[in-house]
Amino acid sequence: SRRVLWGGGVLLAAMLLVVFAHVPILRALGSFLIIEDPLQPAAAIVALGGDPPFREMEAAKLFRAGWAPRVVIVRGARREESKTLQDMGIEVGERWELSREVLIRQGVPASAILVPEEEAEGTLEELQAVYRALGSKDAPVILVTSKYHTRRTRLTWHHVTEGRSRGIARASSQDPFDPSRWWRERRFVLSVVREYLGLINFYAGFPVGP
């Protein structure tokens, strides 16, 4: 099953980290996941779910700079909570509602925020929902996510659109992920393992995973 596959992959990745725990190799593993595409005018900016509010803040900054006329967020079943959100005076709630509130507080008009009706969990479903909701199917789209998630996000967008729309991967400028020391924090170890498992799935022809 998928759960067994992922569990085995996590165990294998952990063993490899122990065996090959050499700083240059670990740094290279973290750096490989990060890409930053040059900006160009786009049909929309997509703030992918997760790590609130940093992705939304970056999307709002790009919107204010005039790179796209709207921002897209996708409904998800998860509820989100973070200290940063609490510091902003935003209560725990549904992920997309929190995303929308952050965008509005960061200067994005409600009329410029597109929220598709369907719910999605994971990168693949999320980007599929975005693509179905967009009127233009071949215009570039800016994809805002965490640093370690940029490479897989762009690959997944290319898969979803069959190459018709260029995905411009951009990382949140306030994302704390550091490729030179990610292995020192458990949350980033799990994130890096998950990304490599996702890349393995993608190149094996199964673009699935969170």
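Worth pointing out:
- Paramagnetic reach from residue 35 in segment 131-156 [backbone N under 12 Å; point 7 Å along Cα→Cβ]: 143, 149-156
- Remark: segment 92-210 carries 45 Å² of accessible area per residue (probe radius 1.4 Å; ligands, DNA and RNA excluded).
- With the cut-off at under 14 Å, measuring from each backbone N in segment 116-158 to a point 7 Å along the Cα-to-Cβ line of residue 105 picks out no residue.
The values are calculated or read from the model by the stated rules, or taken from the named source; none is laboratory data. In this text the structure is predicted, and so the values were computed from the model without any measurement. For neighbour counting, all protein chains shown are included, and Cβ atoms are generated from backbone atoms with ideal geometry for every residue, glycine included. The area values use the complete protein model at the heavy-atom level, side chains included, leaving out ligands, DNA and RNA. Shrake-Rupley method; radii C 1.70, N 1.55, O 1.52, S 1.80 Å.
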